Amino acid sequence: MSDLPRVTIITPSFNQGIYLEKTICSVLEQDYPNLEYIIVDGGSTDNSLEIIRRYEQRLAWWVSEKDRGQSDAINKGLARATGEIVAWLNSDDFYLPGAVFSAVTALQEHADWGMVYGDMLAVDGEGALLNIQRFGDWDLDDLLCFRILGQPSVFLRKSVLDRAGALDTRFHYLLDHHLWIRMAMLAPIGHIPQFLAAARFHATAKNVAKASAFGEDAYDIVRWMQTQPNLINRFQRLKRKIWAGAHWINARYLSEGGMPGVSLQAFWRSFWCDPRVVLRDWRGLLFTILLLFGGQEVRSLYFKYRQRRQLRQLDPAIVTLLYQGKQ
């Protein structure tokens, strides 16, 4: 097993003690022998440090100090990483069994890939299924048009990451997507149709608490694209679809953040730029319309219906993992 490449996992953490131990255990319990684990805590005031110290003998490095946000914390970890393959796992998300081995195998089989991504589950604060997120075999053009990857399911080849550079600290919400674009400018990206991780959606998660800010990051990324000489021709060719994708991102996060009125305005802007972008997400549009007129009761009924339907699509072993210990 000594010929397996080293994998470095970084967990940025701040006051997520309620979820942190699940995150840590999901990394340490991976069936991968050459694993380096780094935790970068932003000076938590809850029980996070107590939890980290419980596992510090199995960590390559950890620190707890004030930082400038998530991207700064991840960059600290990347600067310490010695793995040939790297990834980060936020302190409220968790890996599914075998995730690291699957990612490594894919990158070994495809030496030209700069990064690999799998499929992902969305779960609530209790770990119950909210949504299944399956992705396609996408490329740079798709990323430019805001085909969003499930960040916890992404693994990066360090040599390509070093060429692309660290996370841009100007971005706080789509910081990962900006990096994926820069990686895909340098090397092909690959998809494996397997669930690798679960991301939590809960009241204090920024994808819920600060939903309106994701659209602003999307628009800033579009403006950044227009300053990149290597992207100018692609941008001109894909311009309307890129703007449609940015408006769609804004619409979806506004909808999930409980703001259906402004969300529908963003959906309309997306539809005007390229109707296909909205039509492929007709369920999201329908949900937003129903939410506008039906409020939280419709939201609750919709999620219950989707949960029952999607649980039937999952491997029983994954269902057991999600619901073990729950009544």
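Here are some notes:
- Some residue of segment 123-140 being over 26 Å from GLY42 (Cα atoms) and assigned to a helix (DSSP H, G or I): yes
- Checked against the criterion of being at pLDDT 95 or above and in a loop (DSSP other than H, G, I, E, B), the candidates LEU156, LEU149, LEU107, LEU143 yield just one match: LEU149.
- Count of segment 274-287 residues, restricted to those that are farther than 18 Å from GLN133 by Cα and crowded, with 17+ Cβ neighbours inside 10 Å, is 1.
- Condition check for GLY258: modelled with pLDDT under 80, assigned by TED's automatic domain parsing to the domain that holds TRP243 and either farther than 21 Å from LEU129 by Cα or not in a helix (DSSP H, G or I) (or both): no
- Checked against the criterion of being surrounded by 22 or more Cβ atoms within 10 Å (Cβ to Cβ), of a type in the set (S, T, N, Q) and part of a helix (DSSP H, G or I), the candidates THR23, THR11 yield just one match: THR23.
- Of all residues in segment 172-198, those that are of a type in the set (S, T, N, Q) have Cβ atoms under 7 Å from Cβ atoms of residues that are at pLDDT 95 or above, 6 or more apart or on another chain, in GLN194/SER102; GLN194/GLY118; GLN194/ASP119.
- Residues in segment 60-90 that are in a strand (DSSP E or B) and small (Gly, Ala, Ser): SER64, ALA87.
- The number of residues in segment 213-237 being over 15 Å from PHE171 (Cβ atoms) and either surrounded by fewer than 16 Cβ atoms within 10 Å (Cβ to Cβ) or not aliphatic (A, V, I, L, M) (or both) comes to 9.
- Residue satisfying all of: in segment 309-324; among the polar types (S, T, N, Q) and modelled with pLDDT of 80 or more; nearest to GLU126 (Cα to Cα) among these: THR320
- Residues satisfying the stated conditions in segment 145-158, i.e. under 13 Å from PHE135 (Cα atoms) and of a type in the set (D, E, K, R): ARG147
- Restricting PHE135, PHE101, PHE146 to residues that are surrounded by fewer than 21 Cβ atoms within 10 Å (Cβ to Cβ), touching a Phe, Trp or Tyr at 6+ places or on another chain (Cβ under 8 Å) and under 21 Å from LEU175 (Cβ atoms) narrows the list to PHE135.
- Test for MET120: is it closer than 21 Å to GLY284 by Cβ, within 15 Å of the chain's Cα centre (by Cα) and either at pLDDT 95 or above or buried (at least 18 other Cβ atoms within 10 Å of the Cβ) (or both): yes
- Extreme residue, surrounded by the most Cβ atoms within 10 Å (Cβ to Cβ), among residues of segment 193-212 that are over 14 Å from ASP124 (Cα atoms) and at pLDDT 95 or above: LEU196
- Looking at PHE293, PHE303, PHE267, PHE271, just one residue is outside the structural domain of LEU96 (by TED's automatic domain parsing), surrounded by fewer than 17 Cβ atoms within 10 Å (Cβ to Cβ) and either modelled with pLDDT of 95 or more or touching a strand residue (DSSP E or B) at 6+ places or on another chain (Cβ under 9 Å) (or both), and that residue is PHE303.
- For segment 159-188, filtered to residues that are hydroxyl-bearing (Ser, Thr, Tyr) and modelled with pLDDT under 95, the residue that is farthest from ASN131 (Cα to Cα) is THR169.
- The residue pairs whose first member lies in segment 299-324 and is closer than 24 Å to LEU254 by Cα, whose second member is among the aromatic types (Phe, Trp, Tyr), and whose beta carbons are closer than 9 Å, counting only pairs six or more residues apart or on different chains, are ARG299/PHE287; TYR302/PHE287.
- Unique match (being surrounded by 15 or more Cβ atoms within 10 Å (Cβ to Cβ) and in a helix (DSSP H, G or I)) among ARG240, ARG182: ARG182
The values are calculated or read from the model by the stated rules, or taken from the named source; none is laboratory data. Worth saying up front: this structure is predicted, and the values here are computed from it rather than measured. Positions of Cβ are generated from backbone atoms using ideal geometry, with glycine treated the same way; all protein chains shown enter the neighbour counts.
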